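See structure below.
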Number of protein chains: 2
Amino acid sequence: MLSLTCISPLFYSSIAIGFLLMDPNRSQSEFSQANGEFSMIRRTAIFAGMAAGLICLTGVCGWMWAEEPSNAKSEGTIVIDRLAVPLSNLLSPEARAYMVHLLVDRPFDGGPSAEQNIQGYRARQDEIMRSFLGPIESRYPVRIEERTFGGVFTQIVTPTGGIAAKNRDRVLLNVHGGGFVSGARTASLIESIPIASIEKIKVISIDYRMGPESKFPAASEDVAAVYREVLKDYSPQHIGLYGCSAGGMLTGMSIAWFEKHNLPNPAAIGILCASLGHMFAGDSAHVAGPLMGMQVPPAPHPGVTAPSIEFPAYLGDADPNDPLVYPINSSDLIAKFPPALFITSTRGFEFSSAVDSCNALNHAGAVAELHVWDGLPHAFWYNSDLPESREAYEVIAKFFDRYLHL
Amino acid sequence: MLSLTCISPLFYSSIAIGFLLMDPNRSQSEFSQANGEFSMIRRTAIFAGMAAGLICLTGVCGWMWAEEPSNAKSEGTIVIDRLAVPLSNLLSPEARAYMVHLLVDRPFDGGPSAEQNIQGYRARQDEIMRSFLGPIESRYPVRIEERTFGGVFTQIVTPTGGIAAKNRDRVLLNVHGGGFVSGARTASLIESIPIASIEKIKVISIDYRMGPESKFPAASEDVAAVYREVLKDYSPQHIGLYGCSAGGMLTGMSIAWFEKHNLPNPAAIGILCASLGHMFAGDSAHVAGPLMGMQVPPAPHPGVTAPSIEFPAYLGDADPNDPLVYPINSSDLIAKFPPALFITSTRGFEFSSAVDSCNALNHAGAVAELHVWDGLPHAFWYNSDLPESREAYEVIAKFFDRYLHL
């Protein structure tokens, strides 16, 4: 690409010089008149033109070279140019159609940023979430109650067909996604309803405090407040905790918070489309955004270009070295983690961080299980129309069924 | 990039027209003389020049658009341009140094292709393999015996420190990588020695027939021949089978072959840097090569540009719909698979196919476990200098210890 763009100035410079040489006046006004003074002016103009062309050429090429990362090769940085990546041939037909919709129609682009107008941003995000929630409510009949635990609002989701006998003493806690700024009472239901229905279990989704109004550790405190109340009715071996995106992060942060505040571990956790460290890390922080047709850093929701305010609005003042923020900072801490499920996808920005956190848990002696779907974006499983999402629901349900005690 | 290159013709066209308008003859020969005929010629020339410029512009832009994949947007194909991807920040210092070595020094490039000169190719590949084998032999002291089982040559690797008590009745079978054309007695030891030493177990590595001299199903037959002999001394619940790259494929193909020939399943299998389907699939078939500084299709060994002959030399005549070739073709078959371990990495070409096979096994009701390392190439674990590789050895050893019966 670089070579082509360097050639085109040469090409157009030669056209410029060609126009001069083809001047229709030349033969009559210059050569036939043999006017030395005019000829000199003309030659000076030609040389000036060529010099100007060379200067332009040098400038444009120089500017373009400056755009290449410096010392790219010696640092191991790879520059990828004009790489055509088709949709993954491993996608279901439904997932192919959804990906084309996301990449071509860009249905979730636009709307106010959380930084500019948090209420408008939340309204727009909730509208997007409701587009996922509709099909989920049709597929998975549940009953939803509202209840306050320890001063924190929650939604309690139970399957209309009833709770399975083996799950009477078991419960799952959910903490929703939405970049710590949105998703309350919408993403919460997207994440809770399919699992409650498939596993035939009660799911309590926690409406924790978010940014920009609240800051870390407000959400961890709210999860702990609900957990303390739930522990009055359920043994920790019968409790699971999970969430997606910011909720996946908050799941890990909550385990760290419980450890610090002498609360027992739940039996198992689900860190879905998230990690125990900084979410933008490794190869996926650079590759996943472009694979979704975006610039980095990419999206907190499927196909949405991320306002940079989202995670920082809640976490901006927190110490990134604090294991209560990023538990991966402490291998002693994560060694004590309960069995953890990771779900991620190759076009999700969190993907590299997720596989790294899974490795870190296993290396520390904990149990961690990884499931990856190819060619799909962050939080793909919010879309229940995809067979891949429904496979993920089964994986989540089986995981908790395996690790929650009977 | 496209916009920049489209702008530059405009820029240079305007220079061309500018030269015409700045013609030093104009004021004297044209306007001051008020020569209607010359003025008309000049105007015609200007318009002709502008038309020529527009035609060139259209042609260059049209040619460039033609270079873009046709219907890129409507098909969901993404074109990535000028994307700088640094080394993964999740790599160990040793892995960073290794990646810079691979990407900058390209130590494994060159040498004859398997198609041109199979003996020269194997000699070169063995040389590369010995560069990995040296550090492994230093780190992991083992004893190596040679033995023929059912007419097939094998190397039996036992730890110098002795076999662990719990492993006296257990054995692992290994089938080496090398694209079904190379790796015999070199890659075999790279894959066997660390596992034998860490797990304190006997590993028998099988020197199966390869292409281009032999064709599918020669290798499956050889694995079955050894397996039948080993079953005389070991119960199938005490046997594990694993391999890397082509050997990972052959592991799955062997389970399909055993099923067809009424041989019992071993207790567990390791499909390492490989899959149960076509290895070049999904996002990684397009992204992993460029991330290793190569064109697709990429390499069968870390950092090596693949001669296209490698897999086809052995598999070229086989039916790609045959579950004996690609077990993923039959969900009934893979439902009967023993517990399977997948190890892969985000810059390995097989990565998408591996995660897809792992999902397919879990979805079919089998047990499959996935471990992914970020920012590393195909078969990274051949390099024992990397802490990531030594983590992978631990994962492999623990997996077989968990699933082989006592």
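The values are calculated or read from the model by the stated rules, or taken from the named source; none is laboratory data. Nothing here was measured: the structure is a model prediction, and the numbers come from that model. Glycine gets a Cβ as well: all are built from the backbone with ideal geometry, and neighbour counts include every protein chain shown. Surface areas here come from the heavy atoms of the whole protein model, side chains and all, with no ligands, DNA or RNA. Shrake-Rupley method; radii C 1.70, N 1.55, O 1.52, S 1.80 Å.
Some observations on this one:
- Peptides B:100-113, B:122-135, B:204-217 ordered by average Cβ neighbours within 10 Å, highest first: B:204-217, B:122-135, B:100-113
- Placing a label point 7 Å from Cα along the Cα-to-Cβ axis, A:Arg139 is separated from the same position in the other copies by 4.4 nm, shortest listed first.
- Interface of A with B. Using a 1.4 Å probe and counting protein heavy atoms only, the two chains hide about 7300 Å² of accessible surface, both sides summed.
- Taking amide H as placed 1.01 Å from N in the peptide plane, A:Ala268 has its amide H under 5 Å from the amide H of A:Leu241, each at least 5 places away in sequence or on another chain.
- Copy-to-copy label separations for A:Arg82, where each label sits 7 Å from Cα toward Cβ, in nm and ascending: 1.4
- Sequentially through region A:205-221, phi angles give Karplus couplings (6.51, -1.76, 1.60; θ = phi - 60°) of 9, 9, 8, 6, 5, 10, x, x, 5, 10, 10, 3, x, 3, 5, 4, 4 Hz, Gly and Pro residues having no value and appearing as x.
- Residues with amide H under 5 Å from that of A:Gly178, placed H, sequence gap 5 or more: A:Ala246, A:Gly247
- Inter-copy separations for A:Gly150, label at 7 Å along Cα-Cβ, nm, ascending: 6.0
- Under Karplus coefficients 6.51, -1.76 and 1.60, residue-wise ³J(HN,Hα) of region B:131-144 in Hz, glycine/proline x: 5, 7, 5, x, x, 5, 4, 5, 6, 10, x, 9, 10, 10
- A:Val175 sits among other residues whose Cβ lies under 14 Å from its own Cβ, and their net charge, with Lys and Arg +1 and Asp and Glu -1, is -2.
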